[in-house]
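Written below as structure tokens is the structure these notes are about.
The values are calculated or read from the model by the stated rules, or taken from the named source; none is laboratory data. For clarity, every value in this text was computed on a predicted model and none was experimentally measured. All Cβ positions, even for glycine, are placed from backbone atoms using ideal geometry, and neighbour counts span all protein chains on display. When the accessible area is computed, the model is the full protein with side chains, heavy atoms only, and any ligands, DNA or RNA have been set aside. Shrake-Rupley method; radii C 1.70, N 1.55, O 1.52, S 1.80 Å.
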Amino acid sequence: MMDDLEAVGREESPFGVTGVRLKDGIDLKKLRQAHEEDFEVQLPDSSNEDEAYFEAEDVFQQLNFAAVDAGDNNSDGEIDNLSPFERLARSMEDVTGDGGVLKKVIRTGTGQAIPEGATVRVHYNAYLEYNDEPYDSSRLRNMPEQLKLGEGGFPGFEIAICSLKRSEIAQFLIKPKYAFGKVGCPPRIPPNATLLFEIELISFVDSKAADEFRGFSEEERKQASVEHLAEVCRSEREIGNELFQRKQFGRAMAKYGRAINLLEHARIKDEGEERLWKSSLMKLYLNMALCCLKKSSALRAISFAKKVSLTCCVSLDSKS
């Protein structure tokens with residue numbers, strides 16, 4: 001932790017996020033000795049206040065004119081009195097049944113529905129009525145939002161995400177009851193604001209089994225059946241696969257390694273458990289071998305490949 005503190009004031013922190021500059025340095029020796037140390041953040045130059053946080057061209061690509069649509073003339077040549085969001089709502093379906101979250105599909109998705117407690121990755125733009133520029137945007141940050149359902153978002157946002165399938169893009173109108181209510185979220189979201197979200201579901205992982213297993217006591221883990229362990233390891237492997245797709249090979253290997261350790265110490269009772277054990281373990285060994293190749297570690301890759309063939313030869317007698 002103290003090594004991390006030495007990076008304070010740099011342009012980039014050890015965690016890959018922008019740091020802050022300090023007017024004067026910090027005496028790390030005093031901090032290590034548990035002494036208090038005062039510091040003052042160097043504020044940005046006020047002469048740059050008019051600079052756009054994002055490039056104008058990037059913002060232009062994320063404009064949503066539905067948020068400011070003034071409407072068309074009706075059959076009598078008169079302009080209706082509906083607000084932009086009221087007009088948009090006429091073409092949307094009711095997700096919650098009470099009009100609190102409305103949905104319009106922009107691009108159809110595929111695959112199964114998102115399971116309860118899954119970890120999801122989404123891109124989104126969020127708009128206020130009468131403003132076509134997003135007040136919040138993962139696309140402008142060029143960084144998908146990752147959250148675990150039930151822990152990471154306000155109700156309407158999670159309800160919207162749960163209605164999506166993989167690769168689906170949809171627009172959602174979220175009423176204050178399912179957003180930030182009477183209080184809002186100053187300074188960006190005023191009180192009683194209806195929000196327009198455009199969300200794309202990039203991927204999701206059913207991490208529930210792995211999350212629950214981490215809360216088990218040592219005795220509960222020892223008593224877990226091979227079937228239960230295989231489900232936990234499937235969850236860990238899917239998380240690892242997601243990390244692999246994002247080229248985070250080291251983190252993927254940590255997930256695969258945790259699952260391998262569980263299965264290698266499992267107690268097999270019958271042939272059915274043996275088949276499940278072999279199938280689960282071989283997938284993990286192959287994934288580890290591929291990660292090793294990606295990290296230019298040929299010898300480790302070979303060792304995991306050998307474990308695949310050895311696992312095929314393991315019999316119930318040798319595991320008893």
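For the range 181-313, with all protein chains in place and a probe radius of 1.4 Å, 54% of the accessible heavy-atom surface sits on carbon or sulfur. Between the C-alpha center of the range 87-123 and that of the range 161-224 there is a gap of 12 Å. Over 22 Å apart at the Cα level, from the set Lys148/Lys222; Lys208/Lys283; Lys104/Lys247; Lys103/Lys177; Lys255/Lys283; Lys104/Lys175, are Lys148/Lys222; Lys104/Lys247.
For the range 178-320, a crude dipole built from +1 on the beta carbon of Lys and Arg and -1 on the beta carbon of Asp and Glu, taken about the Cα centre, is about 740 debye to the nearest 20.
Each residue of the range 246-251 was assigned a 3J(HN,Hα) from its phi angle through the Karplus expression (A = 6.51, B = -1.76, C = 1.60, θ = phi - 60°), giving 8, 6, 9, 5, x, 5 Hz with x at Gly and Pro. Take the range 201-320 with all the other protein chains still there, run a 1.4 Å probe, and you get 57 Å² of accessible area per residue. Shape class for the range 191-320: oblate, because the ratio a/c of the largest to smallest gyration tensor axis (alpha-carbon atoms, square roots of eigenvalues) is 1.5 or more and b/c is at least a/b. For the range 183-265, applying the loop criterion from DSSP together with a ceiling of 14 other beta carbons within 10 Å to the chymotrypsin sites (Phe, Trp or Tyr not before Pro) yields Phe216.
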